[in-house]
Amino acid sequence: MPTFDVDANQTALRVFDSVRALAFVGDLSMGQPTDHSLRTGWLAARLARAAGLDSQACDTVREVALLRWSGCTANASGFAEVFGDDIAIRATMLDGRSDWAARLEALGGAASVMLPLAETHCEVSGEIASMSGLSGMTVTSLRHIFETWDGFGFPAKMARESVPMSVFVVALAGDLEVFGRTYGTERALELITQRSDSRYPACLVATAVSNASGWLDELGRATLADFDAELITPDMQRPTSAELIADVIDLKLPWMTGFSRAVATTAAACCVRLALDQTAQTRVYHAALIHGIGRAAVPNEVWNQRETLAASAWEKIRLVPYWTARAGRQTGALAEAAGLASYAYERQDGSGYFRGVAGHALTLEASVLAASVAWVALRSPRPWRDALSAEAAGKILREEVERGRLSDVAVDAIVAQAPARGRSAKRATHRARLSAREMDVLRVISRGASNKEAARELAMSPSTVRTHVESMFRKLDCSTRAAATLKASAMGLL
């Protein structure tokens, strides 16, 4: 039976390309224009130089600005649980609107509401930087990205010089980008001045105020090539893989843990069975890993619906591959893969989305991707149904072929090989030294289960589950479930 073995040399890309993709996901998650992080990084680099930071600190600022929102998928379910629409509320937060503060007070204040959300975000974004091979200062800055100059930030309530200066530079640059775009330069500077010596130090505010007008004018003329030239650092020119992007995408919905990797494995193995060349295999593999980028633009409350979706909700979902296609414009080496990825929900009869193309407009690679996504989705549990057996999923796919919606060639290759989900965890389990029972608990909580829910599913007491979770956290060197899921996915445990 043909299989696809991931060749690091064939599938490698620059850290910069991975980081740009994650910045795109973060911007969608925050309800911002998809160049928000690029623009913030550009302003932050200007501010860091004007403030006299050395070259190493300036590089840290660039990396932190691009990865500042990389933890947004990790706490999306938490935001949704507290606020409903996880995207709209974060857009309100960034805009600094008065109703944001009112919502927090009504829920019991910033500390009780935001601390657990910030802890998850900061730990995951720090792990992403570490997994990407970025510097310790970048990792530390991201782990404290919501700290403030006055010590009332999160997650550790650090203050003043104990917080890396890069945190304040990026925070101020981000506010300048959002406020300048939303309210205009004059009002933006008023709002930033109001936060002087509270959110960020007065010296940075003075530097920003004296330069902001010129910077914003120049920023308005900047191109994607200008952003690339300004933002890349030596550490971001190193090679990495695209799997991390897939894992971060899937964190948004706990029940999708491991989904993108499984689609990639399925699609690439199908390519092998169909005798596609190595270039095509790699392109399909990358496309499958990142095909869900656009999911970040849709609130979790839509994805978690158990009833028939309203037309307005379906319109949001139909735009998922559109956003994935848009990501191709700013993801460098992943541009071609992102273009292919945006065909994941097209159908042979033209009934798919977002383009609604049919027949010869769909390449064999696009047909393989579409069939692979459908296969893995059917074989995976969802909030509204259990996972289907291979036999039941295969029957549905062949019915889709008969209706003219999926490619018979692709479906036959996938159903015939019936690939297992994910990668072997045997070696990774040894590396992590997790017990068999800890592995059971890890698999359950990675899908979003509470301790009580895990206890019922595994026939344990809640206190035993809690003991296993604490032990697992120690072994994985993390303190949140999202970070444990991310690290376990990277190690091949999920």
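The values are calculated or read from the model by the stated rules, or taken from the named source; none is laboratory data. Predicted model, so just to flag it, every value in this text is computed and none were measured. So basically every Cβ, Gly included, is an ideal-geometry build from the backbone, and we count neighbours across all protein chains shown.
Scanning segment 253-280 for residues that are polar (S, T, N, Q) and either surrounded by 23 or more Cβ atoms within 10 Å (Cβ to Cβ) or over 22 Å from ALA327 (Cβ atoms) (or both) returns THR257, SER260, THR265, THR266, GLN278.
Scan GLY352, GLY356 and give me the residue that is modelled with pLDDT of 95 or more, within 27 Å of GLN305 (Cα to Cα) and surrounded by 20 or more Cβ atoms within 10 Å (Cβ to Cβ).
Residue meeting the stated conditions: GLY352.
Answer with yes or no whether GLU190 is without any contact (Cβ under 8 Å) to a residue 60 or more places away in the chain, at negative phi, charged (D, E, K, R) and in the same structural domain as PHE152 (by TED's automatic domain parsing). Against the criterion (without any contact (Cβ under 8 Å) to a residue 60 or more places away in the chain, at negative phi, charged (D, E, K, R) and in the same structural domain as PHE152 (by TED's automatic domain parsing)), GLU190 qualifies.
In the set (1) over 30 Å from GLY109 (Cβ atoms); (2) not in a helix (DSSP H, G or I), the condition left unmet by ASP59 is number (2). Across segment 233-258, the number of residues qualifying as in contact with an Asp or Glu (Cβ under 8 Å, 6 or more places away or on another chain) and closer than 19 Å to ALA483 by Cβ comes to 3.
Scanning segment 326-338 for residues that are among the aliphatic types (A, V, I, L, M) and surrounded by fewer than 21 Cβ atoms within 10 Å (Cβ to Cβ) gives ALA333, ALA335.
Scan ALA418, ALA361, ALA432 and give me the residue that is under 30 Å from THR467 (Cβ atoms) and at pLDDT below 95.
Residue meeting the stated conditions: ALA432.
May I ask you to verify whether PRO299 is of a type outside the set (S, T, N, Q), in contact (Cβ under 8 Å) with a residue 12 or more places away in the chain, in contact with a Phe, Trp or Tyr (Cβ under 8 Å, 6 or more places away or on another chain) and assigned by TED's automatic domain parsing to the domain that holds MET256? In short, no. Restricting attention to segment 43-56 and to residues that are assigned to a helix (DSSP H, G or I) and not hydrophobic (A, V, I, L, M, F, W, C), the residue that is nearest to ASP235 (Cα to Cα) turns out to be GLN56.
In the condition set (1) surrounded by fewer than 18 Cβ atoms within 10 Å (Cβ to Cβ); (2) in a helix (DSSP H, G or I), ALA118 is compliant with all but (1).
Reported count of residues in segment 95-135, each being out of contact with any helix residue (DSSP H, G or I) (no Cβ under 7 Å at 6 or more places or on another chain) and under 17 Å from SER70 (Cβ atoms), is 3. If the condition is being within 22 Å of MET131 (Cβ to Cβ) and either over 13 Å from the mean Cα position of the chain (by Cα) or modelled with pLDDT under 95 (or both), then segment 58-76 contributes ASP59, THR60, VAL61, ARG62, GLU63, VAL64, ALA65.
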